[in-house]
Amino acid sequence: MSLWELFAIAVGLSMDAFAVSICKGLAVRRCSIRHMMICGLYFGLFQGGMPLIGYLLGSQFESLVTVVAPYIAFALLALIGFNMIREAREDDEETVDDDFSVKAMIPLAVAPSIDALAVGVSFAFLQVNIVPAVSFIAVTTFCCCVIGVKIGSIFGSKYKHGAEFFGGLVLILMGFKILME
(Lines give C-alpha, C1' and ligand atoms only; values in the text may rest on other atoms or scores of the structure.)
Protein backbone atom coordinates (compact mmCIF):
# COMPACT_ATOMS: atom_id res chain seq x y z
CA MET A 1 0.00 0.00 0.00
CA SER A 2 1.42 3.36 -1.02
CA LEU A 3 1.70 6.37 1.26
CA TRP A 4 -0.94 8.19 -0.82
CA GLU A 5 -3.39 5.31 -0.47
CA LEU A 6 -2.79 5.23 3.28
CA PHE A 7 -3.24 9.02 3.43
CA ALA A 8 -6.58 8.75 1.60
CA ILE A 9 -7.72 6.04 4.01
CA ALA A 10 -6.57 8.07 7.03
CA VAL A 11 -8.36 11.20 5.87
CA GLY A 12 -11.49 9.23 4.99
CA LEU A 13 -11.57 7.55 8.38
CA SER A 14 -10.96 10.83 10.19
CA MET A 15 -13.87 12.68 8.57
CA ASP A 16 -16.52 11.19 10.85
CA ALA A 17 -14.42 12.08 13.90
CA PHE A 18 -13.83 15.53 12.42
CA ALA A 19 -17.60 16.08 12.16
CA VAL A 20 -18.13 14.97 15.77
CA SER A 21 -15.30 17.29 16.86
CA ILE A 22 -17.03 20.18 15.14
CA CYS A 23 -20.16 19.30 17.12
CA LYS A 24 -18.15 19.29 20.36
CA GLY A 25 -16.71 22.69 19.43
CA LEU A 26 -20.24 23.98 18.88
CA ALA A 27 -21.12 23.10 22.46
CA VAL A 28 -18.32 25.01 24.20
CA ARG A 29 -18.63 28.67 25.08
CA ARG A 30 -14.90 29.35 24.97
CA CYS A 31 -12.73 26.92 23.08
CA SER A 32 -9.46 26.09 24.79
CA ILE A 33 -6.36 24.13 23.85
CA ARG A 34 -7.52 21.59 26.45
CA HIS A 35 -10.81 21.00 24.58
CA MET A 36 -8.99 20.60 21.28
CA MET A 37 -6.39 18.24 22.78
CA ILE A 38 -8.99 16.08 24.51
CA CYS A 39 -10.95 15.58 21.29
CA GLY A 40 -7.80 15.04 19.27
CA LEU A 41 -6.43 12.47 21.69
CA TYR A 42 -9.64 10.49 22.16
CA PHE A 43 -10.51 10.38 18.47
CA GLY A 44 -6.91 9.84 17.38
CA LEU A 45 -6.40 6.96 19.80
CA PHE A 46 -9.65 5.25 18.85
CA GLN A 47 -9.20 5.79 15.11
CA GLY A 48 -5.69 4.34 15.40
CA GLY A 49 -6.63 1.60 17.84
CA MET A 50 -9.62 0.20 15.99
CA PRO A 51 -7.68 -0.75 12.82
CA LEU A 52 -5.12 -2.41 15.07
CA ILE A 53 -7.84 -4.46 16.76
CA GLY A 54 -9.35 -5.28 13.37
CA TYR A 55 -5.95 -6.32 12.07
CA LEU A 56 -5.45 -8.61 15.06
CA LEU A 57 -8.87 -10.17 14.63
CA GLY A 58 -8.00 -10.82 11.00
CA SER A 59 -9.73 -13.49 9.03
CA GLN A 60 -11.23 -15.34 12.02
CA PHE A 61 -13.93 -12.76 12.57
CA GLU A 62 -14.06 -10.99 9.19
CA SER A 63 -17.68 -11.83 8.38
CA LEU A 64 -18.93 -10.97 11.88
CA VAL A 65 -17.11 -7.62 11.99
CA THR A 66 -18.24 -6.48 8.57
CA VAL A 67 -21.85 -7.49 9.26
CA VAL A 68 -22.22 -5.99 12.76
CA ALA A 69 -20.02 -2.87 12.51
CA PRO A 70 -22.46 -0.70 10.52
CA TYR A 71 -25.30 -1.43 12.97
CA ILE A 72 -23.19 -0.54 16.00
CA ALA A 73 -21.97 2.66 14.36
CA PHE A 74 -25.52 3.59 13.31
CA ALA A 75 -26.95 2.99 16.79
CA LEU A 76 -24.27 5.05 18.54
CA LEU A 77 -24.40 7.92 16.05
CA ALA A 78 -28.20 7.99 16.03
CA LEU A 79 -28.38 8.05 19.84
CA ILE A 80 -25.85 10.84 20.07
CA GLY A 81 -27.51 12.75 17.22
CA PHE A 82 -31.03 12.48 18.64
CA ASN A 83 -29.73 13.60 22.03
CA MET A 84 -28.12 16.67 20.42
CA ILE A 85 -31.34 17.53 18.56
CA ARG A 86 -33.37 17.13 21.77
CA GLU A 87 -30.99 19.42 23.64
CA ALA A 88 -31.01 21.97 20.82
CA ARG A 89 -34.79 22.25 21.16
CA GLU A 90 -34.57 22.90 24.91
CA ASP A 91 -34.21 26.46 26.22
CA ASP A 92 -31.91 25.22 28.97
CA GLU A 93 -28.43 26.75 28.60
CA GLU A 94 -26.67 23.84 30.31
CA THR A 95 -26.15 20.95 27.91
CA VAL A 96 -24.41 17.61 28.16
CA ASP A 97 -22.60 18.26 24.88
CA ASP A 98 -20.01 20.51 26.51
CA ASP A 99 -18.92 17.58 28.69
CA PHE A 100 -15.36 16.45 27.94
CA SER A 101 -15.25 13.76 30.64
CA VAL A 102 -14.21 10.17 29.96
CA LYS A 103 -17.86 9.09 30.26
CA ALA A 104 -18.90 11.56 27.55
CA MET A 105 -15.93 11.14 25.23
CA ILE A 106 -15.62 7.36 24.96
CA PRO A 107 -18.99 6.79 23.21
CA LEU A 108 -18.27 9.75 20.94
CA ALA A 109 -14.86 8.32 20.06
CA VAL A 110 -16.11 4.76 19.56
CA ALA A 111 -18.99 5.59 17.20
CA PRO A 112 -17.02 7.11 14.30
CA SER A 113 -14.20 4.58 14.69
CA ILE A 114 -16.27 1.43 14.15
CA ASP A 115 -15.65 1.50 10.40
CA ALA A 116 -11.92 1.70 11.14
CA LEU A 117 -12.24 -1.75 12.70
CA ALA A 118 -13.33 -3.16 9.36
CA VAL A 119 -10.47 -1.32 7.64
CA GLY A 120 -8.09 -3.05 10.04
CA VAL A 121 -9.48 -6.44 9.02
CA SER A 122 -8.80 -5.56 5.40
CA PHE A 123 -5.27 -4.49 6.36
CA ALA A 124 -4.63 -8.03 7.60
CA PHE A 125 -5.39 -9.40 4.13
CA LEU A 126 -3.43 -6.69 2.33
CA GLN A 127 -0.35 -7.40 4.45
CA VAL A 128 -0.03 -3.77 5.50
CA ASN A 129 2.76 -2.82 7.90
CA ILE A 130 0.27 -2.17 10.71
CA VAL A 131 2.25 -0.07 13.21
CA PRO A 132 3.11 2.78 10.80
CA ALA A 133 -0.38 2.55 9.26
CA VAL A 134 -2.30 2.93 12.52
CA SER A 135 0.13 5.61 13.72
CA PHE A 136 -0.49 7.60 10.53
CA ILE A 137 -4.27 7.20 10.91
CA ALA A 138 -4.10 8.29 14.57
CA VAL A 139 -2.01 11.38 13.85
CA THR A 140 -4.17 12.41 10.88
CA THR A 141 -7.33 12.04 12.96
CA PHE A 142 -5.77 13.95 15.86
CA CYS A 143 -4.94 16.91 13.60
CA CYS A 144 -8.38 16.94 11.94
CA CYS A 145 -10.17 16.82 15.28
CA VAL A 146 -8.12 19.60 16.86
CA ILE A 147 -9.05 21.79 13.90
CA GLY A 148 -12.67 20.58 14.04
CA VAL A 149 -13.19 21.71 17.65
CA LYS A 150 -11.88 25.17 16.81
CA ILE A 151 -14.07 25.45 13.71
CA GLY A 152 -17.10 24.37 15.73
CA SER A 153 -16.43 26.88 18.49
CA ILE A 154 -16.21 29.76 16.01
CA PHE A 155 -19.62 29.01 14.52
CA GLY A 156 -21.20 27.86 17.78
CA SER A 157 -21.04 31.23 19.50
CA LYS A 158 -23.41 32.74 16.93
CA TYR A 159 -25.70 29.86 16.03
CA LYS A 160 -25.62 27.56 19.06
CA HIS A 161 -29.13 26.05 18.94
CA GLY A 162 -29.27 25.79 15.18
CA ALA A 163 -25.76 24.40 15.07
CA GLU A 164 -26.54 21.76 17.72
CA PHE A 165 -29.60 20.73 15.75
CA PHE A 166 -27.57 20.61 12.53
CA GLY A 167 -24.74 18.70 14.25
CA GLY A 168 -27.19 16.13 15.60
CA LEU A 169 -28.76 15.77 12.19
CA VAL A 170 -25.32 15.29 10.61
CA LEU A 171 -24.52 12.51 13.11
CA ILE A 172 -27.80 10.75 12.38
CA LEU A 173 -27.22 11.04 8.63
CA MET A 174 -23.67 9.71 9.02
CA GLY A 175 -25.13 6.75 10.89
CA PHE A 176 -27.59 6.11 8.04
CA LYS A 177 -24.76 6.42 5.50
CA ILE A 178 -22.72 3.82 7.37
CA LEU A 179 -25.78 1.57 7.64
CA MET A 180 -26.55 1.83 3.92
CA GLU A 181 -22.97 1.06 2.88
### Message
Within 13 Å, Cβ to Cβ, of Ala10, how many net charges do the neighbouring residues add up to if Lys/Arg are +1 and Asp/Glu are -1?
### Response
-3
### Summary
Counting only protein heavy atoms and leaving out ligands, DNA and RNA, the solvent-accessible surface of Val102 at a 1.4 Å probe, in Å² to the nearest 10, equals 80 Å²
#### Entry: Protection proxy ranking of 106-116, 1-11 - average other beta-carbon atoms within 10 Å, highest first
106-116, 1-11
### Query
Top to bottom by accessible area (1.4 Å), largest first, where do Ile22, Ile137 land?
Ile22, Ile137
### Summary
For Ser32 the rounded accessible area (nearest 10 Å², probe 1.4 Å, non-protein molecules ignored) is 40 Å²
### Query
Tally Lys/Arg at +1 and Asp/Glu at -1 over every other residue whose Cβ is under 14 Å from the Cβ of Gln47; what's the total?
-2
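The values are calculated or read from the model by the stated rules, or taken from the named source; none is laboratory data. Just so it is clear, the structure is predicted and the values come from calculations on it, not from any experiment. Quick reminder, even Gly has a Cβ in these numbers, built from the backbone with ideal geometry, and neighbours come from all protein chains shown. Surface areas here come from the heavy atoms of the whole protein model, side chains and all, with no ligands, DNA or RNA. Shrake-Rupley method; radii C 1.70, N 1.55, O 1.52, S 1.80 Å.
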